[in-house]
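Have a look at the structure below, then the notes.
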Amino acid sequence: MSARVGVVLFPGSNCEHDAVEAVAALGGKAELVWHGDRALAGFDAVILPGGFAHGDYLRPGAIARFSPVMDAVRQFASDGGPVVGICNGFQVLTEAGLLPGALQKNAGLKFVCTTVELRVESIESALTGDAQVGQLLRVPINHFEGNYTCDGYTLDALRDQGRIVLRYVDNPNGSMDDIAGIANEGGNVVGLMPHPERAVEPLLGSVDGAVLLRSLLHAAA
Amino acid sequence: MSAFEALVEVRLRPGIADPQGSTIERSLPALGFDNVSEVKVGKAIRLHIEADDEAGARGQVEALCQRFLTNPVIEDSVVTLTKAAS
């Protein structure tokens, strides 16, 4: 049985089809879920994709957090279901309080669109279970507000609990402690700014995102 | 019920990098303003609210700031209330 992945479509999302295609290419089954839906019945994992949910008005993720589907996402996560927020999806998860901290404007005020090298820091998460600690992955980034920040107490907790799952090898946006992706305490909710769904075919320039999404499919099974 | 105009000024908290503010500040000497510092960029949100009294209006606007208008991780806010012209 292949894992069923719900990919949430907010008004303004623009990476949802990439996520659906990537999951399918890796042997999973993905379906779009409208942000106005209130249930996630039958899904084994949830992806909040990249884009500009609700136009990024006020702050990225600030309005998406109140979309009806988010109550179901919160319930799904608290039941231990794997939830991954990619780029704008990461911003939504922090605004919703499912992950700590916030993503502020990139240092240098530059929108960054490039391929970066990531280092896997922990395999105790729904997104990195099949990877190896220290593994280097080439994955695209594409964001303006990806500069992760949190208070010192939170940063200590993330470090001590092994919840920093991915770091940038060469920090592109000023992110605190080179953080590219973090997990919640249970490891089942993960947010990251890079786009693994855009690195699953040689034609796309890298297949290094595949190990991350394959980890998600295994966590979902 | 009374009507109030609220001005919510959303600011980055101290210690949070403000790349917009520092970029503006760096550009000022080129325009001849070499005596300007501490440039900060925030947001101003204006709204109209009806409440029993000023304290009630302020409480609601501050709750709105906490829940929605600011992200307390990186932002704080200052609320200025004035009685709306009737």
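The values are calculated or read from the model by the stated rules, or taken from the named source; none is laboratory data. The structure displayed is predicted, hence computed values, not measured ones. Methodologically, a virtual Cβ is constructed for each residue, glycine included, from the backbone with ideal geometry; neighbour enumeration extends over all protein chains shown. Note: accessible area is taken over every heavy atom of the protein model, side chains too, but ligands, DNA and RNA are not part of it. Shrake-Rupley method; radii C 1.70, N 1.55, O 1.52, S 1.80 Å.
Which one of the conditions (1) touching a residue at least 60 places away in the same chain (Cβ under 8 Å); (2) closer than 19 Å to A:Arg214 by Cα does A:Leu48 fail to meet, given that it meets all the rest?
A:Leu48 satisfies all of (1) touching a residue at least 60 places away in the same chain (Cβ under 8 Å); (2) closer than 19 Å to A:Arg214 by Cα except (1).
Does segment B:17-29 include one or more residues that are in contact (Cβ under 8 Å) with a residue 40 or more places away in the chain and either polar (S, T, N, Q) or surrounded by 15 or more Cβ atoms within 10 Å (Cβ to Cβ) (or both)?
Among the residues of segment B:17-29, not one is in contact (Cβ under 8 Å) with a residue 40 or more places away in the chain and either polar (S, T, N, Q) or surrounded by 15 or more Cβ atoms within 10 Å (Cβ to Cβ) (or both), which makes the answer no.
Search segment B:59-71 for residues being closer than 21 Å to B:Leu12 by Cα and open to solvent by 40 Å² or more (accessible area, probe 1.4 Å), and hand back the single one that is nearest to the other protein chains (Cβ to nearest Cβ).
B:Phe68
For B:Lys43, which of the numbered conditions (1) over 13 Å from the mean Cα position of the chain (by Cα); (2) open to solvent by 50 Å² or more (accessible area, probe 1.4 Å); (3) within 15 Å of B:Leu7 (Cα to Cα) fails to hold?
Just one mismatch for B:Lys43, condition (1).
Can you pull out every residue in segment B:30-40 that is assigned to a loop (DSSP other than H, G, I, E, B), open to solvent by 100 Å² or more (accessible area, probe 1.4 Å) and hydrophobic (A, V, I, L, M, F, W, C)?
B:Phe33
Which one of the conditions (1) within 14 Å of chain B (Cβ to nearest Cβ); (2) part of a loop (DSSP other than H, G, I, E, B) does A:Tyr148 fail to meet, given that it meets all the rest?
For A:Tyr148, the failing item is (2).
Go through the residues of segment A:98-118 one by one and say whether even a single one is more than 14 Å from chain B (Cβ to nearest Cβ) and open to solvent by less than 50 Å² (accessible area, probe 1.4 Å).
Among the residues of segment A:98-118, at least one is more than 14 Å from chain B (Cβ to nearest Cβ) and open to solvent by less than 50 Å² (accessible area, probe 1.4 Å), which makes the answer yes.
Against the condition touching a residue at least 60 places away in the same chain (Cβ under 8 Å), of a type outside the set (A, V, I, L, M, F, W, C), surrounded by fewer than 21 Cβ atoms within 10 Å (Cβ to Cβ) and under 19 Å from A:Val189 (Cβ atoms), how does A:Gly80 come out, does it pass?
yes
Sort out for me the helices (runs of 4 or more DSSP H) sitting completely within segment A:1-99 that have 2 or more residues that are touching a Pro at 6+ places or on another chain (Cβ under 6 Å).
Values: elements: A:16-25, A:69-78, A:88-95.
By residue number, A:16-25, A:88-95.
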